[in-house]
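The values are calculated or read from the model by the stated rules, or taken from the named source; none is laboratory data. Predicted model only: the values in this text are computed from it and were never measured. Glycine gets a Cβ as well: all are built from the backbone with ideal geometry, and neighbour counts include every protein chain shown.
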Amino acid sequence: MDRRRRLRRLDDLLEALETLNLHEVGSVPGPVAERLKELGVSEPQEHSITTLIDKVLEGQEGLMLTPLPVPVDRRRSRRRPVRQTVLTWADLKI
């Protein structure tokens, strides 16, 4: 299974667990428990829903891409010096 599909399945599972937690359901329903077992969580009924949420989040962390560092010299803008004439009061001849 590709990375995006696995992330999507974990996201769906996380949403289900958060809904259960929001409604203060005490135990994990059968279909959710089966999906957790497929992901490698042993005995999901023995864990609290908040613990299961943490486990799913840990699984997502392993699939997230890390951003590439930006080279230092690309962060600075290379501007040409501006030629600017500074006027004095004597130049204005008021």
Taking only pairs six or more apart or across chains, which ones have beta-carbon atoms under 6 Å, a first residue in region 1-25 that is under 14 Å from residue 52 (Cβ atoms), and a second residue that is among the β-branched types (Val, Ile, Thr)? 10/56; 13/56; 14/56; 16/32; 17/49; 17/53; 20/49; 21/49
Does residue 39 qualify as being under 16 Å from residue 59 (Cα atoms) and not charged (D, E, K, R)? yes
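This table checks each residue for (1) assigned to a loop (DSSP other than H, G, I, E, B); (2) in contact with a Ser or Thr (Cβ under 6 Å, 6 or more places away or on another chain); (3) among the hydrophobic types (A, V, I, L, M, F, W, C); (4) modelled with pLDDT under 90.
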residue	(1), (2), (3), (4)
1	yes, no, yes, yes
15	no, no, no, no
20	no, no, yes, no
28	yes, no, yes, no
40	yes, no, no, yes
53	no, no, yes, no
59	no, no, no, yes
63	yes, no, yes, yes
70	yes, no, yes, yes
When the residues of region 51-71 are narrowed to those that are loosely packed, with under 11 Cβ neighbours inside 10 Å and touching a helix residue (DSSP H, G or I) at 6+ places or on another chain (Cβ under 9 Å), which ends up farthest from residue 18 (Cα to Cα)? 65
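Assigned to a helix (DSSP H, G or I) and of a type in the set (Asp, Glu): is that true of residue 24 in this structure? Show your work before the answer.
Numbers: assigned to a helix (DSSP H, G or I): no; of a type in the set (Asp, Glu): yes.
No: the conditions fail for residue 24.
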